[in-house]
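Working notes, beginning with the structure itself.
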Amino acid sequence: MPPEPGPLPRKKIAVVGGGLSGIAAALDLARSGRARVTLFEKAAEWGGLCAPVSIAGTAADRFYHVILPSDLATIGFLAGLGLDGEIDWRTSRAGFYGRGRLVPFASTADFLRFPFLPPGAKLRLGWGILRTARSAPPGGPDEPSAREWLERRFGRTVTEKFWDPLLRSKLGGARENTPASFMDATIKRLFGARRGAGGRERMGAVRGGYAPVLRAAEKALRDSGARLRLGVPVRSVAPAGGSLEIQTAEGAEAFDRVLLAVPLPEALRLAGAPAGDPAWDRFRRREYLGLVCLLLALRKPLSPYYLINLLDPDPPFTGVIESTNVLGPERFGGHHLVYLPKYVAAGDPAAGLPDDGVRNLFLSSLRRMFPNLAEEDILEAQVRRESFSLPLPAFGPPLQAGGFHSPVPGLYFCGTAFIEGATVNNDAALRAAAAAVEAVLKD
């Protein structure tokens with residue numbers, strides 16, 4: 001009688017990138033019992049876009065993040081860290097700024113009074129949102145552009161006066177080549193959990209932002225036996241004698257598998273992907289926007305809204321996000337945190353502005369919106385930047401449909417470019433990371 005098979009041998013697996021995707025992937029691999037995991041992060045802090053920063057004497061998220069009730073992957077991730085009971089849920093409010101006016105857009109009454117659309121267009125907007133929430137996403141080889149799809153579903157007036165300004169502020173010139181599936185996913189995330197087109201929505205956040213989440217994740221990784229290499233930039237990943245060799249300033253180390261949980265341009269650089277090789281084409285086709293964001297700590301609230309959408313073309317930022325209207329100022333020393341983000345393409349003038357130039361430009365525009373914002377109300381203003389923040393939506397099958405494996409055996413990619421059927425957000429990134437882990441373990 002043959003002996004009972006023993007446990008599967010544990011593979012030596014490296015995860016490169018200590019943002020939320022990389023942390024979640026490394027933790028899943030370590031907890032699987034089938035991997036000896038090493039997590040590399042080049043920065044001095046874990047978290048990537050979720051990393052904490054210090055402003056006005058308190059810790060805040062580097063960029064803005066919230067949790068929706070439909071974010072089951074995020075809630076499950078937090079539960080795995082013992083933090084699901086630490087989520088504060090609050091009724092959120094949204095506003096719109098147009099023609100020099102700030103108006104609410106948080107209830108059915110607000111929707112009916114919305115001044116930037118005529119009555120018939122408001123009905124078309126509400127009906128289009130309901131249809132979108134209940135219908136399958138557009139896609140396939142004949143997928144229309146976002147503009148074409150919006151005009152079919154909402155009509156020209158709603159598209160020109162409502163959706164196109166939002167697309168312009170988010171994507172700039174790239175909106176002209178945006179597929180319909182991007183807008184479908186955007187509308188479903190914005191309105192899917194609300195009670196009707198103008199209904200209110202609950203949003204949540206872990207008490208204190210992502211700093212306690214990252215501390216709990218680091219402890220869970222250590223408890224699961226993962227090696228953590230914080231502040232250790234990876235220089236390259238290349239095949240070497242049947243394994244993959246990672247080069248750092250500290251030398252070389254061999255692994256059975258490597259998962260690059262970093263933006264695709266960085267992943268291609270680390271992998272030494274040869275230019276012009278068609279085997280790498282599907283990864284090279286994804287372009288990114290960078291992010292310039294002014295983070296403000298204020299003495300008093302700016303508005304009652306978590307998000308102010310911009311219908312006017314004048315403000316140089318994408319929107320106004322007052323995160324403490326969800327996270328609570330009491331968690332941040334009583335300060336009110338406001339984020340003014342701007343997504344930038346290569347060569348965008350805002351990307352080349354020095355920090356003082358960004359502060360002056362953004363603050364002068366914000367004061368035109370809020371004339372009562374006095375200089376003494378601003379405790380601190382910090383400029384935060386990210387080179388590869390938003391993978392541009394693209395026509396054709398999603399990147400995830402082709403798998404997470406690269407042309408190099410044992411080398412896998414992961415990150416926000418692999419988000420499928422959703423906008424870029426932490427929940428979608430966690431789902432993509434889980435799918436990548438499944439592919440690594442399966443292979």
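Here are a few things to note about the model shown:
- The calculated FRET efficiency for the pair Asp443 and Leu112, based on their C-beta separation and a Förster distance of 51 Å, comes to about 0.40.
- For Pro341, neighbours were defined as the other residues whose beta-carbon sits under 12 Å from its Cβ, and their charges (Lys and Arg +1, Asp and Glu -1) total +4.
- Restraint check, Lys42/Lys161; Lys42/Lys170; Lys42/Lys342; Lys219/Lys442, Cα-Cα greater than 32 Å: Lys42/Lys161
- In sequence order, region 275-285 has phi-based couplings of 5, x, 7, x, 5, 9, 4, 5, 7, 6, 6 Hz under the Karplus curve 6.51 cos²θ - 1.76 cosθ + 1.60, θ = phi - 60°, and Gly or Pro positions carry x.
- A P(r) calculated from all alpha carbon pairs of region 1-99, with 5 Å bins opening at zero, reads 2, 10, 13, 16, 17, 14, 9, 7, 4, 3, 2, 1, 1, 0, 0, 0, 0 percent.
- Helix axis angle, 426-442 relative to the chain longest principal axis, alpha carbon, degrees: 20
- Spin-label model, Arg385 to Ser54: label points 7 Å out along the Cα-to-beta-carbon direction sit 2.3 nm apart.
- Surface listing: Arg202, Arg90, Arg34, Arg62 arranged by accessible area from highest to lowest gives Arg202, Arg34, Arg90, Arg62, probe 1.4 Å.
- To the nearest 10, the accessible area of His335 is 40 Å² with a 1.4 Å probe.
- On Cα atoms only, tilt of 355-369 relative to the major axis of the chain in degrees: 40
- Crossing angle, helix 211-223 versus the chain [Cα axis fit, 0-90 degrees, rounded to tens]: 10
- Share, in percent, of DSSP beta bridges within the chain that are antiparallel, nearest 5: 70
- Residue-averaged [θ]222 nm for the chain, counting only DSSP H segments that reach four residues, each worth -39500 (n - 2.57): -9500 deg cm²/dmol
- Accessible area of the chain divided out per residue, in Å², using a probe of 1.4 angstrom: 44
- For the pair region 118-181 and region 411-443, the centres of their Cα atoms are 27 angstrom apart.
- Phi-based couplings in Hz for region 391-398 (Karplus 6.51, -1.76, 1.60; Gly and Pro marked x): x, 5, x, 9, 6, x, x, x
- Residue-by-residue Karplus 3J(HN,Hα) for region 26-31, coefficients 6.51, -1.76, 1.60, Hz, glycine and proline x: 4, 5, 4, 5, 5, 6
- Estimated translational D of region 210-282 in µm²/s (Stokes, Kirkwood radius over Cα pairs; 10 °C; 1.306 mPa s): 110
- Loop-located GluC sites (Glu not before Pro) in region 215-295 (DSSP state other than H, G, I, E, B) with a sparse environment of at most 14 neighbouring Cβ atoms within 10 Å: Glu250.
- Simple label model, 7 Å out from Cα along Cβ direction - Arg152 to Lys219, nm: 5.2
The values are calculated or read from the model by the stated rules, or taken from the named source; none is laboratory data. Predicted model, so just to flag it, every value in this text is computed and none were measured. Backbone-built Cβ (ideal geometry, glycine too); neighbour counts: all protein chains shown. We work out accessible area using only protein heavy atoms, side chains counted, and drop any ligands, DNA or RNA first. Shrake-Rupley method; radii C 1.70, N 1.55, O 1.52, S 1.80 Å.
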